[in-house]
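This report refers to the structure that appears directly beneath it.
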Amino acid sequence: MKIIGNPIFTKNGEGKLASRIGTIFLKTPGLVTTSAVHAVQRYIWIETLTSERVAGGAAPLSEAEHHAELDNGVDLLFTEDEVLIRPDPDRMDLAMQADEMLQPLVGKEKIKFLNTSIAKVRQALRERGEKWRIARQPISGDEMNRLIEESRLPIGEHPIYYYNRITGTRYLTPASYPEIIAKLDPISFRRQLMEIQAGLKKRNRTGAPEIELFPSFTPVEIKQRVRDADLVNMSDEELRIAADKINQDWRMSIPTNLRDESVENLHWRNTILWTITRKADETTDSEFEIVDGDFAPEFYRQIEWLPGLRIVNGEVIFDPLLDDKRAKALLFNTVRLFTNLEWVNIGRIKRTLSKAGIEGTRRGYVYVLQFKEKGRPKHEIMMIRLVKWGMAERLDDGKDLKTAAKETAEYADYILDRRLMCRQLGMKLPSRVALGSFNETYEGNNEYNGMLIRTAYSVRAYITGTASDKIPESRYRNPAFAKKFAELMGGAAAVDMIVGRRSSVTKENLFDHYHEVIVIGQDGLPKDLIVTSHAGSFVNYEHELADYVASYAVCIRKRKDLVFDYEVFKETYLKAFEAKLVEVQASYREHRHAYDSLFADRPYNVDGSGAYRWMRTLKRLDACDPKAITALLRKAIEC
């Protein structure tokens, strides 16, 4: 392969990448990495081939050959440790060929794909079982800061632009002027301004603007003044004065919280990050963005897709780069259970999505399984959560192997028992949940280190909706939305209180901390509420309901300033709370024997067995006064 420029990942004297842009050509195999925009790199490639042919006594490239070379070129972007392919959605075959050509140079694990907001690109990767090769957006603060720094690129002059690697647009910010441009000598100063002016008038090969001013809502008059400036005929002094005035007016036209261009200024950091990672024509209302068309906004940038497997003519082929042993075990279980799969992808979520950061597994991640069966119109999504108190955790706590295995099996039963308890008391849970397990090597600081143990997990269908604590604030300004939300949450709060749901570690209230998912109807209003996990239920079974009802006031109080009519919002919540408490209590009293005998065959001991907790819960439900409990809640809300 012919390479024009430096090899990929070559560093300059400052320790930074010599080039962050490349173009790979497939007809005549070659790679251009010179520091230039993609359009210029394509021009360099054609000029090089033409010169070489003429020097060898052959005829220059014909017009057809010229177009064939360019039509078989694929844009690349380079980060410190990855090559990003920016595919043409209508020519995914070219992107895949480019991938094959790049693998001997940098390794498959370092090659990722852009433009994955486009369905054709996403589908091509999904069908190969390679969603892990979607270029992942930054999650942590350090990753965000690094991407912003890496996006700072030149065109032909100085690195004053922030580059959007999806659209190819370069964004100029007000601080670039005093930081670099204003310090240049007169000739370089004029040349840099001419580059900016020309870029503002052009569109790149993807159809996006070559250069734009940041932020996107900069007054059009500022941009027009730059475009119309007479950069040729003004004297050096006149040019300086005019540029100074434009920059000053530009800075004054934007909000004050965007004027400090530092990653320490989170408002600026998040705004520039969104600008350089957004797709073409994406609106600024990014709070409603749903990744991949499947997941709610809170999953944005949170799923790390992993190398998985491909299914070719019914044969299962595991990706050799798959190094997550748990993911491989989960995939293995999946292909053993389903015989008619078209494709499978697996990802993991490392961070809790709860704003409060409460709960979560002690060991490992939550996994996301996405698969499609032949003959079915749509793929399915499953959420997999490792059992929190499994064999590994019990061995860590000093239990012997036999005891750890026995208690883990009992705990699996208890998980399903609690699910039935919650449903019996009115909690709306996912319709289907299953338990599974796989072997893995125990890694601990005791005599069992290195032994194979069983690790248990639960599987449930993904619920399409938005967690209650992730509802965009703007939604509450709609009185109809706020009222229906309050009604659903009020009923759910009553059931949550009845089942004594608390963190098993901190004993904190878990209500309204991610697990309550609001399902939105076609009219845009909440139509249902599903509790995706009953984790923490029956932790609090000894106290009377009146002792901790006040914690359910937070749900309403923290939204006071978001709703149009707070009184209606509050009263709707209280009315639904009391109605549900009355309903569940009446159901128990009417079917007392059925409730009391439901877990009669389970061990009963006052140390906290499931059957004992169940009876304690029923006893306090029967004894409570719904009106008095609601009055206490009202007082807590209004205090």
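The values are calculated or read from the model by the stated rules, or taken from the named source; none is laboratory data. Keep in mind it's a predicted model, so treat the numbers as computed, not measured. With ideal geometry, Cβ positions are generated from the backbone for all residues, glycine too; neighbour counts draw on all protein chains shown. Please note that ligands, DNA and RNA were not included when accessible areas were found on the heavy atoms of the full protein model with its side chains. Shrake-Rupley method; radii C 1.70, N 1.55, O 1.52, S 1.80 Å.
Here are some notes:
- Among the residues making up region 210-254, those that are without any contact (Cβ under 8 Å) to a residue 40 or more places away in the chain and either touching a His at 6+ places or on another chain (Cβ under 8 Å) or of a type in the set (S, T, N, Q) (or both) are 218, 224, 233, 235, 248, 253.
- Subset of region 568-608 [open to solvent by 20 Å² or more (accessible area, probe 1.4 Å) and in contact with a Pro (Cβ under 8 Å, 6 or more places away or on another chain)]: 568, 578, 582
- Residue among 495, 433 that is open to solvent by 40 Å² or more (accessible area, probe 1.4 Å), touching a helix residue (DSSP H, G or I) at 6+ places or on another chain (Cβ under 9 Å) and touching a residue at least 12 places away in the same chain (Cβ under 8 Å): 433
Listed here are the residues, each with its yes/no results for (1) among the small types (Gly, Ala, Ser); (2) out of contact with any helix residue (DSSP H, G or I) (no Cβ under 6 Å at 6 or more places or on another chain); (3) closer than 16 Å to residue 547 by Cα; (4) part of a helix (DSSP H, G or I).
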| residue | (1), (2), (3), (4) |
| --- | --- |
| 561 | no, yes, no, no |
| 576 | yes, no, no, yes |
| 579 | yes, yes, no, yes |
| 594 | yes, yes, no, yes |
| 607 | no, yes, no, no |
| 615 | no, yes, no, yes |
| 629 | no, no, yes, yes |
| 632 | no, no, yes, yes |
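- Conditions (1) surrounded by 15 or more Cβ atoms within 10 Å (Cβ to Cβ); (2) in a loop (DSSP other than H, G, I, E, B); number of the one not met by residue 264: (1)
- All conditions in (1) open to solvent by 30 Å² or more (accessible area, probe 1.4 Å); (2) under 30 Å from residue 118 (Cα atoms); (3) modelled with pLDDT of 90 or more hold for residue 279, with the sole exception of (3).
- Members of region 506-532 found to be closer than 20 Å to residue 457 by Cα and either over 20 Å from the mean Cα position of the chain (by Cα) or not in a loop (DSSP other than H, G, I, E, B) (or both), listed by number: 531
- Only one of 511, 481, 438 that is within 16 Å of residue 558 (Cα to Cα) and either among the β-branched types (Val, Ile, Thr) or open to solvent by less than 50 Å² (accessible area, probe 1.4 Å) (or both): 511
- Failed criterion for residue 307 (all others in (1) at pLDDT 90 or above; (2) surrounded by 16 or more Cβ atoms within 10 Å (Cβ to Cβ); (3) more than 27 Å from residue 501 (Cβ to Cβ) hold): (1)
- Looking only at region 389-430, and only at residues there that are free of Cβ contacts under 8 Å to residues at least 24 places away in the same chain and among the basic types (Lys, Arg), the one that is surrounded by the fewest Cβ atoms within 10 Å (Cβ to Cβ): 402
- Remark: pairs (first residue in region 118-129, of a type outside the set (S, T, N, Q); second residue open to solvent by 50 Å² or more (accessible area, probe 1.4 Å); Cβ separation under 8 Å; 6+ apart in sequence or on different chains) = 118/279; 119/293; 120/90; 127/342; 128/310; 129/310.
- Qualifying residues in region 140-169 (those that are among the acidic types (Asp, Glu) and either under 19 Å from the mean Cα position of the chain (by Cα) or at pLDDT 90 or above (or both)) - the one surrounded by the fewest Cβ atoms within 10 Å (Cβ to Cβ): 142
For every residue, the table says whether it meets (1) in a strand (DSSP E or B); (2) under 22 Å from the mean Cα position of the chain (by Cα); (3) modelled with pLDDT under 90; (4) more than 26 Å from residue 431 (Cα to Cα).
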residue: 301; (1), (2), (3), (4): no, yes, yes, yes
residue: 311; (1), (2), (3), (4): yes, no, yes, yes
residue: 332; (1), (2), (3), (4): no, no, no, no
residue: 336; (1), (2), (3), (4): no, no, no, no
residue: 353; (1), (2), (3), (4): no, yes, yes, no
residue: 370; (1), (2), (3), (4): yes, yes, no, no
residue: 383; (1), (2), (3), (4): yes, yes, no, no
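- Residue list for region 609-631, restricted to those being in contact (Cβ under 8 Å) with a residue 40 or more places away in the chain and within 39 Å of the chain's Cα centre (by Cα): 610, 613, 614, 617, 630
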